[in-house]
Amino acid sequence: MTVKRQVNFNSGSERCAADLYLPEGVEAPPVVVMGHGLGGLRSFRIPAFAERFVARGLAVFAFDYRHWGDSGGEPRQLLSPRRQLEDWHAALACVRGLAVVDGSRVGVWGTSFGGAHVIHVAAQDHAIRAVVAQVPAADTASAAAAFGVGYLLQATALGVADLLGSLVGMRALYLPLVGRPGDRAIMHTPECWEGYMSLVTEGANWRNRVTARSMLSIPFYRATRVAHRVQAPTLLMGGLKDSLVSIDDLRILAGRLPGSVLREYDCNHFQPYFPPLFDDFVREQADFLVQNLLPT
C-alpha cells in the first residue's frame, strides 16, 4: 500500500512541486529522489516506477524542475542545466530534512537528460548511496552533432535573440521540443514523436515547446567529464537502438564511472517506459536500489 503526499520546497527564489511516496507501515524508509528528462514532468510515467520501488520498501520523492509543470519560475519551459542541478540539490536537502524518511540513505534516479543530471549530482554529493541512470544523455555534445550544422546555426541564432530579448524584457522565443523527422524540434528522430507524446499525461501543465535560449547550454552538458568523481554504485541502462543517446557514448561514460554497471538492451529511447520492457527495467532498478539502500 502506498501513501502519497504533495510536498513543496524552495530552489533559489522559486517553489518546486514534488510528490512523496511512502510504503505504508515502514518506519523511516530509505528514499529515492527521481527527476525526469528533457521537458519531462514528474507525472510522465515516473509514478509507475515509484509504485514498484515503494512495493520494495523504499520511499520516493519525485519533483518538477523550476519553469516546468507545477513548479514556479518564469519564463515557462526554460531548460537550464545549471538551474536544474540546483533543483536536484534543493530536492536532496528537502528530503534529508523529512522526519518520515531516512535521510542518510538516499539514492537518485534520472532518465534521459535527468540521467545526466544524476551523474553530475552524485559527482558533487558523495553522501548519495546509489545512482540509477536510465537511457542517460551521456554526452549531449556528441548527440548535438547529429542535428547537422544548419540546424545548430539556426537554433543558436534564435537562442541568442531570445537571450538578448530577455535582457530588455521581451517575451521568450520558443522552439518545438519534440517533433517528427524534418521538424525544427530539438528531438526529431523517427522514434521521438510517438515515443515522447505517449509519456504526456492528460491535463498536464505542459506545452510542446522550450525556450530558444535553452539551446545555448544543452549541447555542452557532458556527464562524461565529471563521471570519474562519482563514488556511489551506479546502474546505467541503455538501448542499442536509441537514436537520441549513442550506446558508444554510454560505454565511454561507464568506462569513466568507478563501480558502475552498464546494462544494454535491444530497445530505443522510449520503450523502457512501457511494458513489456518496463518490467525488466524497473525490476533490475528496484533490485539495485534495495541492495544499496536497505540494510542487509
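Phi angles across segment 157-164 convert, under the Karplus curve 6.51 cos²θ - 1.76 cosθ + 1.60 with θ = phi - 60°, into 3J(HN,Hα) values of 4, 5, x, 5, 4, 5, 5, 5 Hz, Gly and Pro given as x.
A straight chain from residue 99 to residue 166 at 0.36 nm per residue would run longer than the Cα-Cα distance by 20.0 nm.
What Kirkwood radius, in Å to one decimal, follows from the Cα pairs of segment 138-296? Can you show the working numbers first?
Numbers: mean 1/r = 0.0562 Å⁻¹.
17.8 Å is the Kirkwood radius here.
Expressed as a whole percent, the proportion of Cα-Cα pairs in the chain lying more than 35 Å apart is 13%. Only Cα pairs under 8 Å and 6+ residues apart enter the sum, and on that basis the relative contact order of the chain stands at 18 percent.
Between 73, 259, 110, the Gaussian network model of the chain with springs among Cα atoms under 10 angstrom shows the greatest mean-square fluctuation at 259. GNM remark for the chain: springs join alpha carbons under 10 Å apart, and the peak mean-square fluctuation among 112, 214, 13 falls on 13. Only protein atoms count toward the accessible area here, which uses a 1.4 Å probe; on the chain, the carbon and sulfur part of that area reaches 53 percent.
For residue 205 and residue 283 in the same chain, what is the full-extension length gain: residue separation times 0.36 nm, less their Cα-Cα distance, in nm? The partial results should precede the final answer.
Working: separation 78, 0.36 × 78 = 28.08 nm, distance 2.97 nm.
Separation in residues times 0.36 nm, less the Cα-Cα distance, equals 25.1 nm.
With the simple spin-label model, which puts each label point 7 Å out from Cα in the Cβ direction, the residue 13 to residue 152 separation comes to 3.5 nm.
Counting heavy atoms of the protein chains alone, residue 280 has an accessible area of about 60 Å² for a 1.4 Å probe.
Using 0.36 nm times the number of residues separating residue 194 and residue 26, minus their current alpha carbon distance, what extension gain do you get?
On the way: separation 168, 0.36 × 168 = 60.48 nm, distance 3.88 nm.
Stretched fully, the residue 194-residue 26 segment lengthens by 56.6 nm.
Against the main long axis of the alpha-carbon atoms of the chain, helix 81-96 sits at an angle near 20°. With contributions of -39500 (n - 2.57) from each DSSP H run of at least four residues, the per-residue ellipticity at 222 nm computed over the chain stands at -10000 deg cm²/dmol. Charge tally for residue 189 (other residues, Cβ to Cβ under 13 Å; Lys, Arg +1; Asp, Glu -1): -2. Loop sites by DSSP among the GluC sites (Glu not before Pro) of the chain, restricted to those with at most 11 other Cβ atoms within 10 angstrom, leave 28-201 as the longest stretch without any of them. Rolling a 1.4 Å probe across the protein heavy atoms gives the chain an accessible surface of 42 Å² per residue. Among 276, 176, 30, the largest mean-square fluctuation in a Gaussian network model of the chain, built with springs joining Cα atoms closer than 10 Å, belongs to 276.
Our coupling estimate for segment 263-279, obtained by passing each phi through the Karplus curve with A = 6.51, B = -1.76, C = 1.60 and θ = phi - 60°, is 10, 10, 10, 7, 8, 9, 6, 9, 4, x, 7, 10, x, x, 5, 3, 5 Hz, Gly and Pro reported as x.
The values are calculated or read from the model by the stated rules, or taken from the named source; none is laboratory data. Because the structure is a prediction, the values reported are computed rather than measured. Methodologically, a virtual Cβ is constructed for each residue, glycine included, from the backbone with ideal geometry; neighbour enumeration extends over all protein chains shown. The area values use the complete protein model at the heavy-atom level, side chains included, leaving out ligands, DNA and RNA. Shrake-Rupley method; radii C 1.70, N 1.55, O 1.52, S 1.80 Å.
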